[in-house]
1. I'd like the full set of residues that are over 13 Å from the mean Cα position of the chain (by Cα) and closer than 17 Å to Thr60 by Cβ, limited to segment 21-49.
2. Which of the residues belonging to segment 1-24 are touching a residue at least 12 places away in the same chain (Cβ under 8 Å) and outside any loop (DSSP other than H, G, I, E, B)?
3. List the number of the failed condition for Arg14; all other conditions in (1) surrounded by fewer than 12 Cβ atoms within 10 Å (Cβ to Cβ); (2) modelled with pLDDT under 95 hold.
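The values are calculated or read from the model by the stated rules, or taken from the named source; none is laboratory data. Only a predicted model underlies this, so the values are computations on that prediction, with no experimental measurement involved. With ideal geometry, Cβ positions are generated from the backbone for all residues, glycine too; neighbour counts draw on all protein chains shown.
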Amino acid sequence: MGKIDFRLYVITDRRKTRGRPLEEVIQNAIDGGAAAFQLREKDIPSRDLLTLALKLRSVTRDSGCSLFINERADR
């Protein structure tokens, strides 16, 4: 694993996307120079979090960006 670029680090909150899919918001952030993302959606069930994580990983992998997923201390 190479060095991770944390100069522009994005922490997700799907409630702040103004109705846009989080994948679209992440792609826009990548286009704007972000290279590291933290999926932090504590209020959704684990299955939904996994589905979302897989979608975001597809977007971030294609761009060579890093994706971190919060620990689920509630489980």
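1. Scanning segment 21-49 gives Asp31, Gly32, Gly33.
2. Passing the criteria: Tyr9, Val10, Ile11, Arg14, Leu22, Glu23.
3. Condition (1) is where Arg14 drops out.
Here's the yes/no breakdown for (1) assigned to a helix (DSSP H, G or I); (2) modelled with pLDDT under 95:
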{"position": "Ile26", "(1), (2)": "yes, no"}
{"position": "Ala34", "(1), (2)": "no, no"}
{"position": "Phe37", "(1), (2)": "no, no"}
{"position": "Lys42", "(1), (2)": "no, yes"}
{"position": "Arg47", "(1), (2)": "yes, yes"}
{"position": "Leu50", "(1), (2)": "yes, yes"}
{"position": "Arg57", "(1), (2)": "yes, no"}
{"position": "Thr60", "(1), (2)": "yes, no"}
{"position": "Glu71", "(1), (2)": "no, yes"}
